[in-house]
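Structure provided below as C-alpha cells; questions to follow.
No value in this document is a laboratory result; all are computed from the given coordinates. Being a predicted model, the structure only gives us computed values, none of them experimental. Neighbour counts run over all protein chains shown; Cβ positions are idealised from the backbone, glycine included.
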C-alpha cells in the first residue's frame, strides 16, 4: 500500500469514518450482514466485490418485485444534456409514481443528488473507475421534483460499475 493511501485513510478516520480491508468474501459478507440487519451503511467496493454482492442480491424475483427496469437511452441522454453530468452508462432503476402524478426515476435521482450534494460530488462518483459505491438501506428519501413531497416508496437503482442501492425492508421506507 502506498504511503499516500494511508494519508487518505487517516483523513477519513479523523472525520469519523471507518475504513475496512479484507478479502472479497469477508467484505461481501459484511455487506450482506448490514443489509439483513437493516443497518444504513455506504460501502466502497471493488468491482469484483460489487459483482458478487449483486449476483446474490438481484434475483429475478427481487428485480420483478422492486420494479427494476433498464434506464432508457433517452433518459440517460436527458440526464447528460439537462443536468450536465457524464453518461451514467448502463443502469437500472425503479420508477415511482408520486401522488401528484409525477414520476421519480433515474433523472430525478441524479437531479436530487445534485441539489443535496452538489454537481461536483455527483461528477466525482460517476468518474470512479475502480470503485462501486453501494448504499445499503439508505435513509435519504426520494423527493418529488414537482410537488416537493417525500415519495413514500423507496427508489432503487444500479448504475452498472458505479453506484447502487439495496434495501432489506422492501421498497416502502416511510
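Which residues, counting only those in segment 30-46, are touching a strand residue (DSSP E or B) at 6+ places or on another chain (Cβ under 6 Å) and not in a strand (DSSP E or B)?
31, 34, 35
Could you check, for segment 7-27, whether at least one of its residues is within 19 Å of residue 154 (Cβ to Cβ) and assigned to a helix (DSSP H, G or I)?
For segment 7-27, residues within 19 Å of residue 154 (Cβ to Cβ) and assigned to a helix (DSSP H, G or I): absent.
Taking residue 49, is it within 19 Å of residue 138 (Cα to Cα) and assigned to a helix (DSSP H, G or I)? Before you say what the answer is, go through the steps one by one.
Details: within 19 Å of residue 138 (Cα to Cα): no; assigned to a helix (DSSP H, G or I): yes.
Against the criterion (within 19 Å of residue 138 (Cα to Cα) and assigned to a helix (DSSP H, G or I)), residue 49 does not qualify.
Mind checking whether some residue in segment 66-88 is assigned to a helix (DSSP H, G or I) and in contact (Cβ under 8 Å) with a residue 60 or more places away in the chain?
yes
Within segment 55-62, identify whether any single residue is surrounded by 13 or more Cβ atoms within 10 Å (Cβ to Cβ), touching a helix residue (DSSP H, G or I) at 6+ places or on another chain (Cβ under 8 Å) and either touching a residue at least 40 places away in the same chain (Cβ under 8 Å) or not in a helix (DSSP H, G or I) (or both), and answer yes or no.
Looking through segment 55-62, at least one residue is surrounded by 13 or more Cβ atoms within 10 Å (Cβ to Cβ), touching a helix residue (DSSP H, G or I) at 6+ places or on another chain (Cβ under 8 Å) and either touching a residue at least 40 places away in the same chain (Cβ under 8 Å) or not in a helix (DSSP H, G or I) (or both).
Looking at segment 74-86, is at least one residue within 15 Å of the chain's Cα centre (by Cα) and surrounded by 14 or more Cβ atoms within 10 Å (Cβ to Cβ)?
Looking for residues that are within 15 Å of the chain's Cα centre (by Cα) and surrounded by 14 or more Cβ atoms within 10 Å (Cβ to Cβ), one finds none in segment 74-86, hence no.
Answer yes or no: is there a residue in segment 91-99 that is assigned to a helix (DSSP H, G or I), surrounded by 13 or more Cβ atoms within 10 Å (Cβ to Cβ) and within 18 Å of the chain's Cα centre (by Cα).
no
State the number of residues belonging to segment 1-38 that are in contact with a helix residue (DSSP H, G or I) (Cβ under 8 Å, 6 or more places away or on another chain) and under 10 Å from residue 136 (Cα atoms).
Summing the residues that are in contact with a helix residue (DSSP H, G or I) (Cβ under 8 Å, 6 or more places away or on another chain) and under 10 Å from residue 136 (Cα atoms) in segment 1-38 gives 3.
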